[in-house]
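Chemist: Before I ask anything, let me first share the structure, which is written out below as structure tokens.
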Amino acid sequence: MSMNSMENMWLTDKPRKLKPKIDLFSMLDSVALIWQFAGNFPMRFPGHGNVKKCCFSRVIMGYQIILFFTCVALISTVFYTWEHILRSQIWVMTMVTIVRTMSCLLCMLINCFMWMFYRKDFIDAMDFLASQSVILNQLGCRPDYSRCLRMIQALVYGMLTILLMFICYDFFIGFSRWPPGNKTFSFIQWLFWTIPLVVQVMTPTIFVALVMILGLHFRQLNVKLMAVRDRSNSSPPKIIEVSNEGVESIRLIAKVHYNLCKISKFINSFFSANLVVIVVMAFFVMSSSLYFIFNEVVKDEETDYWDIGTYVAWEITTALPIIVTVVICNLTSNEAELTGRLIHELYVENSESKLYQIIRSLSLQLHHQKIEFSGAGLFPINSSLLQTMIGNMTTFLVILIQFQPSLD
């Protein structure tokens, strides 16, 4: 072996570039630009490397307000001329178009108000949620933030891609129907007519992303509690009861679980107004879209498949955010409830021990504090919501079909 090769064996490694740590703010920051551009998330996450924080941006908030008033002004010109509304002789179509547009504008208005008046509460909640990671580290938990990051990115980018596909389709259909001599102004009207729809579809993704992060934390608590359960049930009860390690672990689990439940209630209430508007609009638009498809198929004239494609696009862009929201809320609620089932699987003989007392306290806490997502308390956001909507949509569709001659 040559002298140079021997020397190279003892050379120190080159300094490695530290990868940025993935945490709550990093996950939100990875998709925040899309929310900011859509005009429904005036938050920034400044910082370098592993030190990030959540702060309010007056510039983005100003952009959001200007965008709202611009959309209102240009949509008002559309309603004034009625050129893009009365595409059909069916007055129900006009009513659905008005309701759909007004609900989208209402979502933009709600976003402006909630960020102007409750932004400090949101920042405090995010800082509080980020602090729970410190306690999880004390418990020895290592949440898979990289997987959660990919899921959030898939959610936001996937929803945006689907939405853009249907927007391009709507532009293709609308361009052929615009007045020949005024296509530029018609395009501007169409653009600002579409922006509120983007805001309405993308707003639930913020709520879903935060609920997804909460679910990740609940899952890590359950993984730790499973480890405590397996260790306690495989060891002599007296040894476990006098051990402070199990008592401290369950105490921290109870603390984090309580804090996560508190944060989830705030997040639910923060987005509750938007959730109510989106669900109510979805029921009305989806029921009517099914009727329009039926009417297009059975009418005496030639079937316009382009219009059917538009109604299908309405169905998908309206239903998909609700379905995703329900699925993620269900998964997070199940993870929170699993903690209660796991705590009852711990076996303790001595009812006077510290371990028994902390388990009893956690059990009472879980009994009185449950994760239940809802739309301002009016309806639960779980699988029963989808079942109720499908049943009511079917009834509404039958009524519309029965009164079809009077609606034309």
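Chemist: Could you look through the stretch 341-359, keep only residues that are assigned to a helix (DSSP H, G or I) and at pLDDT below 75, and pick out the one that is farthest from Pro204 (Cα to Cα)? Spell out how you get there, then give the answer.
Modeler: Taking the stretch 341-359 as the starting set, the residues that turn out to be assigned to a helix (DSSP H, G or I) are 341-343, 354-359.
Next, from what is left, pick out any that are at pLDDT below 75: 354-359.
Values: Lys354: 43, Leu355: 41, Tyr356: 42, Gln357: 41, Ile358: 37, Ile359: 36 Å.
Across the stretch 341-359, the extreme among qualifying residues is Lys354.
Chemist: Please enumerate the residues belonging to the stretch 164-185 that are in contact (Cβ under 8 Å) with a residue 24 or more places away in the chain and assigned to a helix (DSSP H, G or I).
Modeler: Hits for the stretch 164-185 are Phe166, Ile167, Tyr169, Asp170, Ile173, Gly174.
Chemist: Checking Phe187 against (1) touching a Phe, Trp or Tyr at 6+ places or on another chain (Cβ under 9 Å); (2) crowded, with 19+ Cβ neighbours inside 10 Å, only one condition comes out false. Which one?
Modeler: Going through the list (1) touching a Phe, Trp or Tyr at 6+ places or on another chain (Cβ under 9 Å); (2) crowded, with 19+ Cβ neighbours inside 10 Å, Phe187 breaks only (2).
Chemist: Check off (1) surrounded by 12 or more Cβ atoms within 10 Å (Cβ to Cβ); (2) at pLDDT below 85; (3) over 24 Å from Ile267 (Cβ atoms) for Gln402 and give me the number that stays unchecked.
Modeler: Exception for Gln402: condition (1).
Chemist: Next question, about the same structure. Being crowded, with 19+ Cβ neighbours inside 10 Å and among the small types (Gly, Ala, Ser) is the filter here; which residues of the stretch 105-132 pass it?
Modeler: Ala125 - this is the single residue of the stretch 105-132 that is crowded, with 19+ Cβ neighbours inside 10 Å and among the small types (Gly, Ala, Ser).
Chemist: Scanning for something at negative phi, surrounded by 14 or more Cβ atoms within 10 Å (Cβ to Cβ), of a type in the set (S, T, N, Q) and modelled with pLDDT under 85, does the stretch 321-336 turn up at least one residue?
Modeler: Scanning the stretch 321-336 turns up no residue that is at negative phi, surrounded by 14 or more Cβ atoms within 10 Å (Cβ to Cβ), of a type in the set (S, T, N, Q) and modelled with pLDDT under 85.
Chemist: Something else about it: Specify the residue that is farthest from the chain's Cα centre (by Cα); the eligible residues are those in the stretch 24-38 that are farther than 11 Å from Ala130 by Cβ and of a type in the set (Phe, Trp, Tyr). So that I can check it myself, show each step before the final result.
Modeler: Going residue by residue through the stretch 24-38, those that are farther than 11 Å from Ala130 by Cβ are 29-38.
Adding the requirement that they be of a type in the set (Phe, Trp, Tyr) leaves 35, 37.
Working: Trp35: 12, Phe37: 17 Å.
Filtering first and then ranking leaves Phe37.
Chemist: Sticking with this structure for a sec: Which residue out of Val297, Val277 is surrounded by 15 or more Cβ atoms within 10 Å (Cβ to Cβ) and either in contact (Cβ under 8 Å) with a residue 60 or more places away in the chain or part of a helix (DSSP H, G or I) (or both)?
Modeler: On the way: Val297 fails: surrounded by 15 or more Cβ atoms within 10 Å (Cβ to Cβ).
After ruling out the rest, the residue left standing is Val277.
Chemist: If you don't mind, there's one more thing I want to ask. Any idea which residue in the stretch 211-240 is nearest to Ala130 (Cα to Cα), counting only those that are modelled with pLDDT under 80 and crowded, with 20+ Cβ neighbours inside 10 Å? So that I can check it myself, show each step before the final result.
Modeler: Of all residues in the stretch 211-240, those modelled with pLDDT under 80 come to 228-240.
Still in the list and also crowded, with 20+ Cβ neighbours inside 10 Å: 228, 232, 240.
Details: Val228: 24, Ser232: 30, Ile240: 31 Å.
Taking the candidates together, the pick is Val228.
Chemist: Filter the stretch 58-97 for residues that are at pLDDT below 65 and either at positive phi or of a type in the set (S, T, N, Q) (or both) and give the result.
Modeler: Thr81, Trp82, Ser88, Gln89, listed by residue number.
Chemist: Is one or more of the residues making up the stretch 12-26 under 26 Å from Ala273 (Cα atoms), at pLDDT below 90 and either in contact with a helix residue (DSSP H, G or I) (Cβ under 8 Å, 6 or more places away or on another chain) or not in a loop (DSSP other than H, G, I, E, B) (or both)?
Modeler: Let us first name the residues in the stretch 12-26 that are under 26 Å from Ala273 (Cα atoms), namely 24-25.
Pick out the ones that are also at pLDDT below 90 and you get 24-25.
If we keep only those that are either in contact with a helix residue (DSSP H, G or I) (Cβ under 8 Å, 6 or more places away or on another chain) or not in a loop (DSSP other than H, G, I, E, B) (or both) too, we end up with 24-25.
For the stretch 12-26, residues under 26 Å from Ala273 (Cα atoms), at pLDDT below 90 and either in contact with a helix residue (DSSP H, G or I) (Cβ under 8 Å, 6 or more places away or on another chain) or not in a loop (DSSP other than H, G, I, E, B) (or both): present.
Chemist: So, one more: Which one of Leu197, Leu163 is within 24 Å of Cys107 (Cα to Cα), touching a Cys at 6+ places or on another chain (Cβ under 7 Å), buried (at least 19 other Cβ atoms within 10 Å of the Cβ) and of a type in the set (A, V, I, L, M)? Spell out the reasoning first.
Modeler: Values: Leu163 fails: touching a Cys at 6+ places or on another chain (Cβ under 7 Å).
None of the others qualify; the one that does is Leu197.
Chemist: Among the candidates Ile308, Ile263, Ile293, single out the residue that is within 20 Å of the chain's Cα centre (by Cα) and over 30 Å from Ser232 (Cα atoms). Steps first, please.
Modeler: Details: Ile308 fails: within 20 Å of the chain's Cα centre (by Cα); Ile293 fails: within 20 Å of the chain's Cα centre (by Cα).
From the options Ile308, Ile263, Ile293, the qualifying one is Ile263.
Chemist: A further question follows. If we scan the stretch 126-136, do we find a residue that is in a helix (DSSP H, G or I), among the hydroxyl-bearing types (Ser, Thr, Tyr) and on the phi < 0 side of the Ramachandran plot? Walk me through how you get there before you give the answer.
Modeler: Narrowing the stretch 126-136 to residues in a helix (DSSP H, G or I): 126-136.
Among the residues that remain, those that are also among the hydroxyl-bearing types (Ser, Thr, Tyr) are: 131, 133.
From what is left, the residues that are on the phi < 0 side of the Ramachandran plot are 131, 133.
There is at least one residue in the stretch 126-136 that is in a helix (DSSP H, G or I), among the hydroxyl-bearing types (Ser, Thr, Tyr) and on the phi < 0 side of the Ramachandran plot.
Chemist: To continue, here is another question. Just to be sure, is Ser287 in contact with a strand residue (DSSP E or B) (Cβ under 8 Å, 6 or more places away or on another chain), among the hydroxyl-bearing types (Ser, Thr, Tyr) and surrounded by 19 or more Cβ atoms within 10 Å (Cβ to Cβ)?
Modeler: Numbers: in contact with a strand residue (DSSP E or B) (Cβ under 8 Å, 6 or more places away or on another chain): no; among the hydroxyl-bearing types (Ser, Thr, Tyr): yes; surrounded by 19 or more Cβ atoms within 10 Å (Cβ to Cβ): yes.
Against the criterion (in contact with a strand residue (DSSP E or B) (Cβ under 8 Å, 6 or more places away or on another chain), among the hydroxyl-bearing types (Ser, Thr, Tyr) and surrounded by 19 or more Cβ atoms within 10 Å (Cβ to Cβ)), Ser287 does not qualify.
The values are calculated or read from the model by the stated rules, or taken from the named source; none is laboratory data. Source: prediction; values computed, not measured. Counting neighbours? That spans all protein chains shown, and the Cβs are built from the backbone with ideal geometry, glycine included.
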